[in-house]
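Novice: Let me begin by handing over the structure; questions about it come next.
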Amino acid sequence: MRREVQQEELLRVPVHMKLHYRFPAGAHYERFFKEMKETGRIMGVRCPECRRVLVPPRPVCGECFARTEEWVQVGPKGTVVAYTSICFSFIDLTTGKPRPIPYGAGLIQLDGAYSAINHILEEGDPGKLYIGMRVEAVLKEKREGNIGDILYFKGIEE
Amino acid sequence: MNPQVAVIGASQTKFESDKGYEAIIETVFNVVLEAMADAGVKRDDLDSIVTSSVDLWDGRTASNQMLTDVVGAIMKPESRVAGDGLGAAFQGIMTILAGVSEITLVVSQCRGSMGAYYEISNWVFDPIYQQTLGLDYLSAGALQANHYMKQFGISQKDCARVVIKNLRDAQNNPYAQVAREATVDEVMDSPMLAYPIKEMDVAPISDGACAVVLASREKAKALSKKPIWILGAGSCLDSHYLGDRDLAGGDALIRASKKAYGMAGISDPLEELDVAEVSAAFSYQELLWTELLGFCGRGEGAKILQKGMTSLGGTLPVNPSGGMIAGNPVTVAGLTRLVEAVLQVRGEAGARQVRGARKALAHGTTGCCGQGQYVMIVGN
Amino acid sequence: MGKRAAIIGTGQTNHCSSREDVNEMELVYEAATAALKDAEMTIKDIDAVVLANMELFEGRALPDMWCGEGAGAFMKHAFKISTGGTSGTSGAISGYYHVASGLFDRVMVVGFEKHSEGDASGGMALTDPFWDRHIAAAAIGNFALSVSAYMADRGVTEEQSAKVAVKARRNACNNPHAHLQMPDLTVKEVLESPILAYPVHRLEMCPQSDGACAIIFASEEIAKKRCPRPAWVRAAVTRHDHIYLGEVKNRLSTMRSLREAAKAAYEIVGIKEPLKEFDVAEIYDPLTYAEIAWYEALGFCKDGEGGMLIDGGVTQMDGELPVNPSGGVISTNPVGASGTIRVAEGALQIHGRGGKRQVPDVNLALVTGYGVYCWSDVLILSSKPY
């Protein structure tokens, strides 16, 4: 049962959590980000067994439990397979500040890839977004070697 | 009763201060492949997977999700024990005894290098009293050390001898992170961290992973030339508040070990066990745990060590691998003890092999100052 | 084969957005004592304790160390299971293993979460550090993505989704523990609530709740002695799938982990027509659209007919298969406890202790858990041990 108590009588202990981590990226992410930074190319890996091209690249195809070593260029064009428009305020973990809303987000299947990737869409109006929409990655001028190097995906006419 | 569960595969990585050269999933994939090769099983043979890791040390939520691909868990049952790897082994044993699995893979991984080990350990304490006082594993360990050492007249030099034994024996362990000849003076001269604990009394911060493959009696007999049987297992949780516990004692470990000994039919562990691998994050803990495990009387841990009874070649070698003093990837420690115990009983422990080892004890702890205790007995 | 095991008691806290009157350990204690009372036991009768919780949401490491005291784990075997949203069901499955293994006879499982103490959205966004953190929008954004694909694929409408919300919040009024109880909620109100991430409205999502739920498992001998109508565990199955969102396209439409887990569980028990054979289902519905998708994945209907089940009232309290008489996760969501609550509610229906939310004559109950976007647990509980 809930205890009967006045709000102002409640004792609260504020604790602020600040922890720092260094995540080792591993060889696959390292190569993916390096390639994107230096050449602007988006790369995937092909599973030697099921032949699917996986993006983001990873050392193991979970489906086949097989090591992936063959690199394949994918995109930069692709197709929206799912979309949304984010309308609630949300802390951007890379800046610690709320991201301006609304913004579009989608699952984009890059040309040549099996897996889709989640990323930001330039178009934020759900009325103008649709499944099957063709899009293209827009990269930063000065790339830093992280997934933010893809600014967003913009709609294209084909 | 015949033992129903066996370890048929075991593997561990080398423990290192920073495995930043590879992603966690690469480390885990390699260690899983090795354990499966050791067991002679393929991914399709796995009925169940149990992992152990802790979100705060991994810096991500439901952190076992990153492992799904590399532990072969796609479209299979995986569950995670968020604590010591020996707890995960416990769950693994239960999947087999419950009849839902014939072959279960148990995997534990941790990267001490990734976050702030002691800061994170502060978050283990209750947020209202103990956390705000700044307790962490080190300062709490120092409280326990003093309590235990005062009560039984254990000296800092007694503890230093634990360090010397473990670092020396670790030279026989290719997976050890720290291994060398050291002297009592060296340990005594190392910087004081929290009285009476000095830098060399503390396990290093490590990266690593290990894995075991468990099998039912039938599968073990069919698949394995050297199945190592789980003869007994016990576990017990003590109270959380340090002030509620007898820090120099510890009913939890006494109960956990009695349960395991009872199942394994052991009445005199010093005589009947051939080797013990215990999870001691601090030098004093090895002495305390050996007492609570019943290897000697209370307060005699230092005495049996000084007599060489717990050294390689002694009556009951404790931590011939070097123990946690030689490498300590937080949640991996307990499962590593099991891997070492298995290697010993198989006679595959290389230069650290205890001659003719037939029964071995593996011990794991979770939480602060051994709040949670796990004991397993394995034998051939 | 393992030993038979049954649920003989359950207990829940009152769930709400902020239980500031208690700390996390006390919250656990509240659920544990309620379950002991329900099973007419004392803590001395319990051999082992399994805890389930998502520690990052409250910012605790190894919260079982502190909260274990509240569950009476002192001097007992205890550990914690954490597998995202499935924590509560996976914890219950572990509790079942404890008894089925023969190692323990009386085991308590406690799922708990105190969302008000931390930042759950931030916690949930702490996924792949190299990818998702830059672009993700926590659970809601990720759900919205798969909803768009699901709607396009199966033609499910906004109205059908809203009807799930109305059903859930009305059912919740019969459950004294439920967080969101809305007796007068209408489809119009649901669709007029703010859009969080297109097309998902606020009232279509689960809330974040503070709460805990405890279950007591017992071996056959003890269950028969202590409980007039034990809820026997007949199947307990887990299936995991990929973690990358884009790897599982059309996630809600396919949801193969739930399909595979259900298939395996149905096979164990011999279920052929789930809609007819089950008397009640407590399924983990993180949002309204998922409930409709799970109808299809669980084989209550053919693919594409999920919307018709809700239109036809088949899953209402008086329908052929009442789904979530408790109000479900979209009415009450303390994540680590959400799965445990499903199991407890399923057992409660078999015990016949459901009060105003009791479905008449329940012999077979289906329970599911859902976590980390595409992991599934399925349990089948029965009034008969075999």
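The values are calculated or read from the model by the stated rules, or taken from the named source; none is laboratory data. As the structure is a prediction and not an experimental result, all values here were calculated from the model. Ideal geometry is used to build each Cβ from the backbone, glycine not excepted, and the neighbour counts take in all protein chains shown.
Novice: If you check C:Y284, C:Y295, which single one turns out to be assigned to a loop (DSSP other than H, G, I, E, B), hydroxyl-bearing (S, T, Y) and touching a Gly at 6+ places or on another chain (Cβ under 7 Å)?
Specialist: C:Y284
Yes/no per residue for (1) in a loop (DSSP other than H, G, I, E, B); (2) under 20 Å from C:A197 (Cβ atoms); (3) acidic (D, E):
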site: A:A137; (1), (2), (3): no, no, no
site: A:E141; (1), (2), (3): yes, no, yes
site: A:G145; (1), (2), (3): yes, no, no
site: A:F153; (1), (2), (3): no, yes, no
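Novice: Sort out which residues of segment B:35-57 are touching a Gly at 6+ places or on another chain (Cβ under 8 Å) and not hydrophobic (A, V, I, L, M, F, W, C), and write them in order of number.
Specialist: Within segment B:35-57, B:D38, B:G40, B:R43, B:S48, B:S52 qualify.
Novice: Assess whether C:D38 counts as being of a type in the set (D, E) and more than 24 Å from C:P385 (Cβ to Cβ).
Specialist: The answer is no for C:D38.
Novice: Of all residues in segment A:68-110, which are without any contact (Cβ under 8 Å) to a residue 24 or more places away in the chain, among the charged types (D, E, K, R) and more than 9 Å from every other protein chain (Cβ to nearest Cβ)?
Specialist: A:K97, the sole residue that qualifies.
Novice: Checking the condition more than 22 Å from the chain's Cα centre (by Cα), more than 8 Å from chain B (Cβ to nearest Cβ) and either closer than 30 Å to B:L33 by Cα or part of a helix (DSSP H, G or I) (or both), which residue from A:E30, A:E38, A:E49 passes?
Specialist: The conditions single out A:E49.
Novice: How many residues, within segment B:116-126, are more than 19 Å from the chain's Cα centre (by Cα), of a type outside the set (D, E, K, R) and surrounded by fewer than 20 Cβ atoms within 10 Å (Cβ to Cβ)?
Specialist: Result for segment B:116-126: 1.
Novice: Could you please let me know if C:G95 is modelled with pLDDT of 95 or more, more than 7 Å from chain B (Cβ to nearest Cβ) and at positive phi?
Specialist: no
Novice: Of everything in segment B:226-261, what is among the small types (G, A, S) and more than 12 Å from chain C (Cβ to nearest Cβ)? Give them in sequence order.
Specialist: B:G243, B:A248, B:G249, B:S257
Novice: Let me ask something else. If you scan segment B:203-218, which residues turn out to be buried (at least 17 other Cβ atoms within 10 Å of the Cβ) and out of contact with any strand residue (DSSP E or B) (no Cβ under 6 Å at 6 or more places or on another chain)?
Specialist: Correct list: B:A203, B:P204, B:I205, B:S206, B:G208, B:S216.
Novice: Select the helices (runs of 4 or more DSSP H) contained entirely in segment C:205-277, then report the ones holding at least 3 residues which are out of contact with any helix residue (DSSP H, G or I) (no Cβ under 8 Å at 6 or more places or on another chain), of a type outside the set (F, W, Y) and outside the structural domain of C:Q349 (by TED's automatic domain parsing).
Specialist: Ranges flagged: C:220-226.
Novice: Hey, could you check segment C:22-67 for residues that are of a type in the set (K, R) and either surrounded by fewer than 24 Cβ atoms within 10 Å (Cβ to Cβ) or away from chain B (no Cβ under 14 Å) (or both) and say which is nearest to C:G11 (Cα to Cα)?
Specialist: C:K37
Novice: Inspect all residues belonging to segment C:101-117 and state whether any of them is modelled with pLDDT of 75 or more and among the hydroxyl-bearing types (S, T, Y).
Specialist: yes
Novice: Which members of segment B:259-281 meet the condition of being over 21 Å from B:R352 (Cα atoms) and touching a strand residue (DSSP E or B) at 6+ places or on another chain (Cβ under 8 Å)?
Specialist: B:K259, B:A260, B:Y261, B:G262, B:M263, B:A264, B:G265, B:I266
Novice: While we're looking at this one, here's another question. Which one is surrounded by the most Cβ atoms within 10 Å (Cβ to Cβ) among residues in segment B:297-314 that are touching a Leu at 6+ places or on another chain (Cβ under 7 Å) and closer than 21 Å to B:V354 by Cβ?
Specialist: B:G301
Okay, residues lined up against (1) assigned to a helix (DSSP H, G or I); (2) of a type in the set (V, I, T):
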site: B:I154; (1), (2): no, yes
site: B:C159; (1), (2): yes, no
site: B:V163; (1), (2): yes, yes
site: B:N166; (1), (2): yes, no
site: B:Q177; (1), (2): no, no
site: B:A182; (1), (2): no, no
site: B:M188; (1), (2): yes, no
site: B:I205; (1), (2): no, yes
site: B:V212; (1), (2): no, yes
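Novice: Can I ask one more? Go through segment B:341-372 and give me each residue that's part of a strand (DSSP E or B), small (G, A, S) and within 14 Å of chain C (Cβ to nearest Cβ).
Specialist: Answer for segment B:341-372, where residues must be part of a strand (DSSP E or B), small (G, A, S) and within 14 Å of chain C (Cβ to nearest Cβ): B:G364, B:G372.
Novice: Please go through (1) under 15 Å from the mean Cα position of the chain (by Cα); (2) part of a loop (DSSP other than H, G, I, E, B) for A:I120 and return the number of the only condition it doesn't satisfy.
Specialist: (2)
Novice: Going by the conditions given, is C:A290 under 17 Å from the mean Cα position of the chain (by Cα) and outside any loop (DSSP other than H, G, I, E, B)?
Specialist: Criteria met by C:A290.
Novice: Would you be able to tell me the number of residues in segment A:54-87 that are among the charged types (D, E, K, R) and assigned to a loop (DSSP other than H, G, I, E, B)?
Specialist: Result for segment A:54-87: 3.
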